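The values are calculated or read from the model by the stated rules, or taken from the named source; none is laboratory data. If you're wondering where the values come from, they're calculated on a predicted model, not measured in any experiment. Please note: Cβ atoms are built from the backbone with ideal geometry, for glycine as well, and neighbour counts cover all protein chains shown.
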Amino acid sequence: MVDNGSAVNLLQLSVIQKMGLESTIIRRAEVLTGFNGHTSTAIGHIILEVKTPPVVSKQTFTIVSDPSPYNGILGRPWLIKLDAVTSVKYQKIRFRIPGGGVGEIKSDQVSSRRCTVQMLKETKKKTFTPVEVTEVQKGKEIAK
């Protein structure tokens, strides 16, 4: 997924593990805060080459293990390095190609929906430990 609003490039830990690159993660815990105030803890960073033919750029990715419908999110750092222009209306990204010309990436809604459905299935498989419910009565918390 490409997200103009994301200040970092994100990759899921499971993707790094499947690529066999877990040992190359630069481990450093970091708190990330989303636009809705939701926080998550990053595991660390990794530097990878992103190939957008014919352009290849090194990008720093923040590694997270929170559930997501996407394997990764390319944010503003990638868009800036690519000198890209995005269009929400046309679901496209255009960028300059060294030596002249314009490259284009088109959205694939079918693949995007497939990712979302798969994520929802995997989330349902996970079990959650119930948290003790409390209620407030006369200014005091009472555990149920």
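Results, tabulated for the structure shown:
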read-out: Test: residue in the range 75-83 that is part of a strand (DSSP E or B) and modelled with pLDDT of 85 or more; value: no
read-out: Meets criteria (at positive phi and at pLDDT below 90) for residue 109; value: no
read-out: Residues of the range 43-55 that turn out to be β-branched (Val, Ile, Thr), crowded, with 16+ Cβ neighbours inside 10 Å and under 21 Å from residue 79 (Cα atoms), as a count; value: 4
read-out: Number of positions in the range 62-74 that are at pLDDT 90 or above and either farther than 12 Å from residue 1 by Cα or not in a strand (DSSP E or B) (or both); value: 4
read-out: In the range 38-61, the residues that are hydroxyl-bearing (Ser, Thr, Tyr) and modelled with pLDDT of 95 or more; value: 60
read-out: Qualifying positions in the range 69-103 - surrounded by 12 or more Cβ atoms within 10 Å (Cβ to Cβ), over 24 Å from residue 46 (Cα atoms) and without any contact (Cβ under 8 Å) to a residue 24 or more places away in the chain; value: 85, 91, 92, 94, 96
read-out: Failed condition for residue 39, given (1) among the polar types (S, T, N, Q); (2) over 24 Å from residue 109 (Cα atoms); (3) out of contact with any Phe, Trp or Tyr (no Cβ under 9 Å at 6 or more places or on another chain); (4) in contact (Cβ under 8 Å) with a residue 12 or more places away in the chain; value: (4)
read-out: Counted residues, the range 18-42 - those being over 13 Å from the mean Cα position of the chain (by Cα) and surrounded by 12 or more Cβ atoms within 10 Å (Cβ to Cβ); value: 6
